[in-house]
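Before any comments, here is the structure.
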Amino acid sequence: MHHVAGDSSGAMSQAQTIPPFEQVVYEFRPLPTIKPLLRYAGGEWIPDDGEYDLAFITNNFCFYIDLPYQKNILWSWCKDGDWRAYVKAHPRGNAWHYMLREGTKEWAGDWGRHRHPNTRAGDSGMSKACNMYGCSNGRGVHFHIGDETIAAGLVRERDSKKILTFPDKFICMYGCECTEATTRSNAESPSGTAT
């Protein structure tokens, strides 16, 4: 699918601070309500010891970082947390708002996501949980405005330890400023919604 945006050149300061996804690996800790049994540890799947990692397993559930599929999409947000909502200014009324890398105007397609260490750790966790329990489910930490794990400050770049934060200003690729996306409380923000 080929999507082209209007001018979002002044989109926001955070657009410059998120490196291209192929150049950074993210690690995280699950939310305190989630009690992981195992952590990835480079594919060794050791008992959780409280360290940050790329993926975690608790029972038949895997938690991982779910990176955007498109090269230039940094953040997304779904109007009212409902993918069926209609946004007049978007092609076909698509409810999803996308914030692109500064200076870009289109999604730009695949960037090798399937080979990325974060994706591979999530795939490994799903497979491990399935082998252990006969089935597996998963939930990614998404680059969606309002994601609970990002909001809690539990996601960081592995090498620099820089904490991942939401943008101060969300400018959609279709030209609208999504103030609702950046001003909603974490409790009301959409997280884990359909992509």
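The values are calculated or read from the model by the stated rules, or taken from the named source; none is laboratory data. Please read these numbers as outputs of a predicted model, since none were measured by experiment. Cβ coordinates were reconstructed from backbone atoms using ideal geometry, including for glycine residues, and neighbour counts include every protein chain displayed.
Could you list all residues from segment 23-54 that are of a type in the set (K, R) and modelled with pLDDT of 95 or more?
Scanning segment 23-54 gives R29, R39.
May I ask you to list the residues in segment 134-164 that are in contact with an Asp or Glu (Cβ under 7 Å, 6 or more places away or on another chain) and of a type in the set (D, E, K, R)?
R156, R158
Looking at (1) buried (at least 19 other Cβ atoms within 10 Å of the Cβ); (2) in contact with a Pro (Cβ under 8 Å, 6 or more places away or on another chain); (3) under 19 Å from Q23 (Cα atoms), which one does W77 not meet, given that it meets all the others?
(3)
Yes or no: segment 10-22 includes at least one residue that is more than 17 Å from the chain's Cα centre (by Cα), at pLDDT below 95, hydrophobic (A, V, I, L, M, F, W, C) and outside any loop (DSSP other than H, G, I, E, B).
no
Pull up segment 98-142, narrow it to residues that are in a strand (DSSP E or B) and touching a Cys at 6+ places or on another chain (Cβ under 7 Å), then point me to the one that is surrounded by the most Cβ atoms within 10 Å (Cβ to Cβ).
Once the filter is applied, the top-ranked residue is M99.
What pairs come up if the first residue lies in segment 142-157 and is in contact (Cβ under 8 Å) with a residue 12 or more places away in the chain, the second is crowded, with 21+ Cβ neighbours inside 10 Å and part of a helix (DSSP H, G or I), and their beta carbons are under 6 Å apart, counting only those six or more places apart or on different chains?
That search, which allows pairs on different chains as well, returns I145/A181; V155/T149.
Could you list, in sequence order, the residues of segment 27-58 that are of a type outside the set (S, T, Y), part of a loop (DSSP other than H, G, I, E, B) and surrounded by 13 or more Cβ atoms within 10 Å (Cβ to Cβ)?
R29, P30, L31, I34, P36, L37, W45, D48, L54
What pairs can you find where one residue is in segment 31-47 and touching a residue at least 12 places away in the same chain (Cβ under 8 Å), the other is assigned to a strand (DSSP E or B) and exposed (fewer than 12 other Cβ atoms within 10 Å of the Cβ), and their Cβ atoms are less than 8 Å apart, with a gap of 6+ or different chains?
Final answer for the pair search is L37/P47; L38/P47; R39/P47.
Quick test for you: out of A89, A95, pick the one residue that is among the hydrophobic types (A, V, I, L, M, F, W, C) and touching an Asp or Glu at 6+ places or on another chain (Cβ under 9 Å).
Of the residues listed, the single one that is among the hydrophobic types (A, V, I, L, M, F, W, C) and touching an Asp or Glu at 6+ places or on another chain (Cβ under 9 Å) is A95.
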